[in-house]
1. Regarding residue 197, is this residue small (Gly, Ala, Ser), outside the structural domain of residue 73 (by TED's automatic domain parsing), more than 19 Å from residue 214 (Cβ to Cβ) and open to solvent by 40 Å² or more (accessible area, probe 1.4 Å)?
2. Anything in segment 164-178 that is open to solvent by less than 40 Å² (accessible area, probe 1.4 Å) and of a type in the set (Gly, Ala, Ser)? List them, or say none.
3. Looking at 272, 268 in this structure, which one is in the same structural domain as residue 188 (by TED's automatic domain parsing), in contact (Cβ under 8 Å) with a residue 24 or more places away in the chain and in contact with a Lys or Arg (Cβ under 6 Å, 6 or more places away or on another chain)?
4. Hey, could you check segment 82-102 for residues that are polar (S, T, N, Q) and at pLDDT below 90 and say which is most open to solvent (accessible area, probe 1.4 Å)?
5. Could you check segment 1-57 and list, in sequence order, the residues that are surrounded by 17 or more Cβ atoms within 10 Å (Cβ to Cβ), assigned to a loop (DSSP other than H, G, I, E, B) and in contact (Cβ under 8 Å) with a residue 40 or more places away in the chain?
6. With the requirement that a residue be without any contact (Cβ under 8 Å) to a residue 60 or more places away in the chain, part of a helix (DSSP H, G or I) and touching a Lys or Arg at 6+ places or on another chain (Cβ under 6 Å), what does segment 156-212 give you?
7. What are the residues in segment 228-261 that are in a strand (DSSP E or B) and open to solvent by less than 10 Å² (accessible area, probe 1.4 Å), if any?
8. So is residue 279 among the hydrophobic types (A, V, I, L, M, F, W, C) and touching a strand residue (DSSP E or B) at 6+ places or on another chain (Cβ under 7 Å) or not?
Amino acid sequence: MSKSFAVLPCNGLDKSAGCIAREIALNLIEKSDSEMICPVLYRVADARYTKIAQEKPLLVIDGCQTRCASKLASEKGLKVTAKITVTEEAKNRGFDLGDSLRLGENEVKLAEMVADELLLEKEAEKASVSETVYPETYNYEVYKKDKFIFRVPKEGFLFNENDSWVYISGNKARVGVTDYVQQSLSDIMFFTPPVVGQEVEQFGELGTVESGKAVFEVVSPVSGRITAVNEELSVAPELINQNPYEKGWIAEVELSDLESDKEFLLEFDGYFAILKRKVDDFHV
C-alpha cells in the first residue's frame, strides 16, 4: 500500500463524524506516506499545505453534508482527486454513528475500513492505468478556414455532437475535446478536472476548460467510472490548445455501457461533416 494522499479532513471535532474523519486521516498516514493538511492552520498559513496538496493526490474527507473540508478546498483553489463523506460511508456500511465524541469500537472499525479501501482503490487504479496503452500520435484530416486549422483524427475515434471525443482501448477509453473547442476558446487558461472514482453518465459533465472568452463544459461521450485525469493539464492547460487529441486529453473512463453509448456517437465522416458546418457558420 505505497500509494499516498494529501489528506484534508473535516475540522468539525464537535461532532462524531468529524472525529471519525480525523481518524481516517490518521489511518492513511500510518499505513502510507500520506500527509495531513490541517484545516484550521490552512486558513491562516497556507504555503506549506498548498505545497503538499500540489505534490500528492488530494483526498477530501467531509464529516457531514455541511462539507466544510470541500468548501475549504474550493476556497483555496485546490484540485481534488477524491472525496468521501463520513456520514454517507457509515450509512452505506450500516454503521450508527451516535453522538459521542469518543470513538468506540464501531467508529474505529469504520475508520480503518474506509482507509484500507481508499489505499487499495488507489493501487488498483494505478495498476489499471498502467496496463492501458494509447498511441502517441494519430493520422489527421485537416479542414482550413481563413487562418484556422481544424484537425480530426481519421481512425479509432468516436465523437459526440458536443465536440468531445473518445478513443477506446479494451474496456477503458480516453476522452477529450476536439480542435473546434480549443480554436473557439482561443488560449485556454484553466482546467477543472472531474473527480477520479466518480461515475459519469453519457452526456454528463466531465470537467471544464476555461479561457478569457468562455467556460466550456466537457460533455462525456461515454458512461462509466473515471479512473484517471490528465494531471499535466492542471499546470499546463495550454496542452489542449497544442493538441487536444494527444497530450491534451482530459480523462480516462472505465466503460460501463459502450454498446448503448455508440448509438449516440459519430465516426469520422459524420463528425467531420458537422465540424465543417459549424466552422463555416461561425465564420460567415
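The values are calculated or read from the model by the stated rules, or taken from the named source; none is laboratory data. Small disclaimer: the values here were computed from a predicted structure and weren't measured. Cβ atoms come from the backbone with ideal geometry, glycine included; neighbour counts cover every protein chain shown. Remember, those area values only see protein heavy atoms, side chains included, never the ligands or the DNA or RNA. Shrake-Rupley method; radii C 1.70, N 1.55, O 1.52, S 1.80 Å.
1. Details: small (Gly, Ala, Ser): yes; outside the structural domain of residue 73 (by TED's automatic domain parsing): yes; more than 19 Å from residue 214 (Cβ to Cβ): yes; open to solvent by 40 Å² or more (accessible area, probe 1.4 Å): no.
Considered against the rule, which asks whether it is small (Gly, Ala, Ser), outside the structural domain of residue 73 (by TED's automatic domain parsing), more than 19 Å from residue 214 (Cβ to Cβ) and open to solvent by 40 Å² or more (accessible area, probe 1.4 Å), residue 197 comes out as no.
2. Result: 164, 169, 173, 176.
3. Working: 272 fails: in contact with a Lys or Arg (Cβ under 6 Å, 6 or more places away or on another chain).
Of 272, 268, the one residue that is in the same structural domain as residue 188 (by TED's automatic domain parsing), in contact (Cβ under 8 Å) with a residue 24 or more places away in the chain and in contact with a Lys or Arg (Cβ under 6 Å, 6 or more places away or on another chain) is 268.
4. Of segment 82-102, the ones polar (S, T, N, Q) are 85, 87, 92, 100.
If we keep only those that are at pLDDT below 90 as well, we get 92, 100.
Numbers: 92: 125, 100: 67 Å².
Step by step, filter segment 82-102, then rank; the result is 92.
5. Narrowing segment 1-57 to residues surrounded by 17 or more Cβ atoms within 10 Å (Cβ to Cβ): 3-12, 15-25, 27-28, 32, 34-37, 39, 42, 49, 52-53, 56-57.
Restricting the remaining residues to those that are assigned to a loop (DSSP other than H, G, I, E, B) gives 3-5, 10-12, 15, 32, 34, 37, 56-57.
Once the filter is applied, which keeps residues that are surrounded by 17 or more Cβ atoms within 10 Å (Cβ to Cβ), assigned to a loop (DSSP other than H, G, I, E, B) and in contact (Cβ under 8 Å) with a residue 40 or more places away in the chain, segment 1-57 yields 3, 4, 5, 10, 11, 12, 15, 32, 56, 57.
6. Matches in segment 156-212: 185 only.
7. At the first step, the residues of segment 228-261 found to be in a strand (DSSP E or B) are 228-229, 251-255.
Once the filter is applied, which keeps residues that are in a strand (DSSP E or B) and open to solvent by less than 10 Å² (accessible area, probe 1.4 Å), segment 228-261 yields 251, 252, 253.
8. Working: among the hydrophobic types (A, V, I, L, M, F, W, C): yes; touching a strand residue (DSSP E or B) at 6+ places or on another chain (Cβ under 7 Å): yes.
Taking the combined requirement at face value, the residue satisfies it.
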